[in-house]
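**Q** Sharing a structure with you now.
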Amino acid sequence: MKRAIAMSAGMILSGLIARALEEAPLPAWNGTERADLESSGWIPGAILLTGDPVPDEPGEVEPPLNVELPSAEEIIDDSKLINEVPEKYLAAYFAERPKTFLMDPQELLGPSDFRDRLAFLNYHASDSSIDLYVYVIGGDQEFPSEVRQEEMIERCFSEGRPALIVYYYLGAPQRSEVYLSPSLTDVISAPEQRRALESSILQAFEKTDPSGQLERFLVQMSIRIYWMERKLSGASDTSDEAQGATIAPAAHMVEAAPAVKFQWVRDQLRHFAMPAAVLLGIFLTAFGISAWLRLRRRYRFPEFEVEPRLGGAHAAGVGAVISFASATLPPASQRDQVPDYLRRA
Amino acid sequence: MESISRRFPQVFVAIYTGALGEVSNIRQFGFWLLNRAAFEDVPVEKPNEAGILITIDPESKAAGMVFGYLLDPFLEESDTFDCLSRAHAYWLEERYADGLLRVLAHLDGILTKRSRQARRDPEHFERKVLPPVQMGDLVRRIRAGHRPPALGKDQIMEVEK
């Protein structure tokens, strides 16, 4: 009984709740109410309580600006945003073949960043037959027009190891430029260079800070140089793998990292192998000579006058005796068994 | 044995193996043999004083080692005992040759060490074989070292006053 009452009360309660949740319909106008109110000029609550459309808010219409559109030449030559590299740095950039793989005479990179990037480039050079030279320029800078890059490349990189030269605009990796030393220009096609540059730029844009961008750029460029090197060495089927390197650089990074990490150990071993071998040879020779001399050495005893004892003309019998009759009688238990009458007076 | 003779030109090693029979004391036998024997294959310039005799009696299962007066300052009874101890395990199994090799190897090491010590400090070994000091000598030495103390100048002045 109680259960039936509870069920009926629940049904009633749920019905009331459902009715309360139903949205009440908006009020409708009766007869000429609307026309009367409109005649008075204003209908209070018409926007909120009825479905009347919201009238446009009055506002001041600004007159259109009469600005002259930029010409095509101005769009192309956006020189007002670009500064030229100060002339005092040009000699440091282009006077001779760079001594280091990272050229940053303006010191745009911080000391630690410069050190890290240079270390990476050194590792790359030790592991690759194609050097990677990087000229760091400000993102809003450019070289004066009188600087001809081709002439500089020809002058500085026509001799020595083959090299890939990058003009990297710090903070604007999309402006980066790539050049090849003369020994590589005929071997590596322009589309290949372009693809390497584009993939490096894409990798750089995965970071937001300029230093991180440069790091990613260099890593990807190093990977692309590796595939260029493979191509130079005649390895076929590199194109597909090269594409794979672009798509999944992280995997190659994982493989390349240990080689780079332990490169200094290999360098040290290579550097010290010959001196160590020479030292080892000298040591072994000295040891052998010493052992040989020790074997050939003659030992002499000084001869002292000894008073004969016990009537012995040559010996007095001072010596030990040991019994080996039983394993239960070890030598340690036989010590001190010389008779007193044989001891030296 | 040849190696020891070559490395220590003054010294030779002799080995006697055999049952001693009625000779009950192996040490006495070694003493007698080293004093009386003439070793045919030992050069004449090497007297028995420079000999080291190893005696092994397989019957009584005992071994002894005696040496001549030349090595008296340099070898102790404990040294010979250590040499023989090296062979104990081999001789228990009647491997006499192996045991003798161990004895000679250890003897070589001891002689090398003592020879170096003797070259550095011969007096240390010489003192071991000096004849014992007699009581009369001791008294004479004390008296020779005793002198009346010389009087100082101040003491003489006081006497004059």
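The values are calculated or read from the model by the stated rules, or taken from the named source; none is laboratory data. It should be emphasised that the depicted structure is a prediction, and the values quoted were computed from it without experimental measurement. For neighbour counting, all protein chains shown are included, and Cβ atoms are generated from backbone atoms with ideal geometry for every residue, glycine included. With ligands, DNA and RNA removed, areas are computed over all heavy atoms of the protein, side chains included. Shrake-Rupley method; radii C 1.70, N 1.55, O 1.52, S 1.80 Å.
**Q** Of all residues being under 19 Å from A:GLU303 (Cβ atoms) and more than 8 Å from chain A (Cβ to nearest Cβ) in region B:40-52, which is surrounded by the fewest Cβ atoms within 10 Å (Cβ to Cβ)? Just the residue, please. Full working, then the answer.
**A** Narrowing region B:40-52 to residues under 19 Å from A:GLU303 (Cβ atoms): B:42-52.
Next, only the ones that are more than 8 Å from chain A (Cβ to nearest Cβ) stay: B:42-46, B:50, B:52.
Details: B:VAL42: 17, B:PRO43: 10, B:VAL44: 6, B:GLU45: 8, B:LYS46: 17, B:ALA50: 24, B:ILE52: 28.
Looking at residues that are under 19 Å from A:GLU303 (Cβ atoms) and more than 8 Å from chain A (Cβ to nearest Cβ), I get B:VAL44.
**Q** Just checking, does region A:284-306 include any residue being touching a Gly at 6+ places or on another chain (Cβ under 6 Å), modelled with pLDDT under 85 and closer than 30 Å to B:LYS128 by Cα?
**A** The initial filter retains those residues of region A:284-306 that are touching a Gly at 6+ places or on another chain (Cβ under 6 Å), namely none.
Within region A:284-306 (the criterion being touching a Gly at 6+ places or on another chain (Cβ under 6 Å), modelled with pLDDT under 85 and closer than 30 Å to B:LYS128 by Cα), the answer is no, since none of the residues qualifies.
**Q** Any residue in region B:86-100 that's at the interface with chain A (Cβ under 9 Å from one of its Cβ atoms) and closer than 14 Å to B:SER60 by Cα: show its pairings with residues that are small (Gly, Ala, Ser) and open to solvent by 60 Å² or more (accessible area, probe 1.4 Å) at Cβ separation under 8 Å, as long as the two are six or more apart or on different chains.
**A** B:LEU92/A:ALA327
**Q** Suppose the filter is under 15 Å from the mean Cα position of the chain (by Cα), surrounded by fewer than 21 Cβ atoms within 10 Å (Cβ to Cβ), under 23 Å from A:PHE301 (Cα atoms) and among the basic types (Lys, Arg); does B:ARG119 pass it? It would help to see each step written out before you state the result.
**A** Working: under 15 Å from the mean Cα position of the chain (by Cα): no; surrounded by fewer than 21 Cβ atoms within 10 Å (Cβ to Cβ): yes; under 23 Å from A:PHE301 (Cα atoms): yes; among the basic types (Lys, Arg): yes.
The answer is no for B:ARG119.
**Q** Oh, and also: Which residue, of A:ARG300, A:ARG309, A:ARG296, is closer than 30 Å to B:ALA38 by Cα, open to solvent by less than 50 Å² (accessible area, probe 1.4 Å) and out of contact with any Pro (no Cβ under 6 Å at 6 or more places or on another chain)? Explain how you work it out, then say what you get.
**A** Values: A:ARG300 fails: open to solvent by less than 50 Å² (accessible area, probe 1.4 Å); A:ARG296 fails: open to solvent by less than 50 Å² (accessible area, probe 1.4 Å).
Of A:ARG300, A:ARG309, A:ARG296, the one residue that is closer than 30 Å to B:ALA38 by Cα, open to solvent by less than 50 Å² (accessible area, probe 1.4 Å) and out of contact with any Pro (no Cβ under 6 Å at 6 or more places or on another chain) is A:ARG309.
**Q** Which numbered condition in (1) in a strand (DSSP E or B); (2) at the interface with another protein chain (Cβ under 8 Å from one of its Cβ atoms) is the only one that B:ARG27 fails?
**A** The failed condition is (1).
**Q** Pick from B:PHE31, B:PHE67: which is buried (at least 24 other Cβ atoms within 10 Å of the Cβ) and modelled with pLDDT of 85 or more? Talk me through it step by step, then tell me what you get.
**A** On the way: B:PHE31 fails: modelled with pLDDT of 85 or more.
Answer to the check: B:PHE67.
**Q** Output yes when any residue across region B:72-85 is open to solvent by less than 40 Å² (accessible area, probe 1.4 Å), at pLDDT below 90 and of a type in the set (Phe, Trp, Tyr), and no when none is.
**A** For region B:72-85, residues open to solvent by less than 40 Å² (accessible area, probe 1.4 Å), at pLDDT below 90 and of a type in the set (Phe, Trp, Tyr): present.
**Q** So, one more: For region A:312-325, how many residues meet the condition of being open to solvent by 30 Å² or more (accessible area, probe 1.4 Å) and modelled with pLDDT under 80?
**A** The number of residues fulfilling the criteria is 2.
**Q** Something else now. Would you point out the residue of region B:5-22, among those that are surrounded by 14 or more Cβ atoms within 10 Å (Cβ to Cβ) and more than 10 Å from every other protein chain (Cβ to nearest Cβ), that is farthest from B:ASP108 (Cα to Cα)? First the steps, then the outcome.
**A** The first filter runs over region B:5-22 and keeps only residues surrounded by 14 or more Cβ atoms within 10 Å (Cβ to Cβ), leaving B:5, B:7-16, B:20.
Of the ones still in play, those that are also more than 10 Å from every other protein chain (Cβ to nearest Cβ) are B:5, B:12-16, B:20.
Values: B:SER5: 10, B:PHE12: 11, B:VAL13: 11, B:ALA14: 14, B:ILE15: 15, B:TYR16: 19, B:LEU20: 27 Å.
My answer is B:LEU20.
**Q** Select from region B:1-54 the residues that are farther than 21 Å from B:LEU104 by Cα and touching a strand residue (DSSP E or B) at 6+ places or on another chain (Cβ under 7 Å) and list them in ascending order.
**A** Scanning region B:1-54 gives B:ALA19, B:LEU20, B:ASN35.
**Q** I'd like the full set of residues that are in a helix (DSSP H, G or I), among the hydroxyl-bearing types (Ser, Thr, Tyr) and surrounded by fewer than 17 Cβ atoms within 10 Å (Cβ to Cβ), limited to region A:90-135. Give the steps one after another, and end with the answer.
**A** Just the residues of region A:90-135 that are in a helix (DSSP H, G or I), to begin with: A:90-94, A:111-127.
Right, trim to among the hydroxyl-bearing types (Ser, Thr, Tyr) and you get A:93, A:112, A:123, A:126.
Once the filter is applied, which keeps residues that are in a helix (DSSP H, G or I), among the hydroxyl-bearing types (Ser, Thr, Tyr) and surrounded by fewer than 17 Cβ atoms within 10 Å (Cβ to Cβ), region A:90-135 yields A:SER112, A:SER126.
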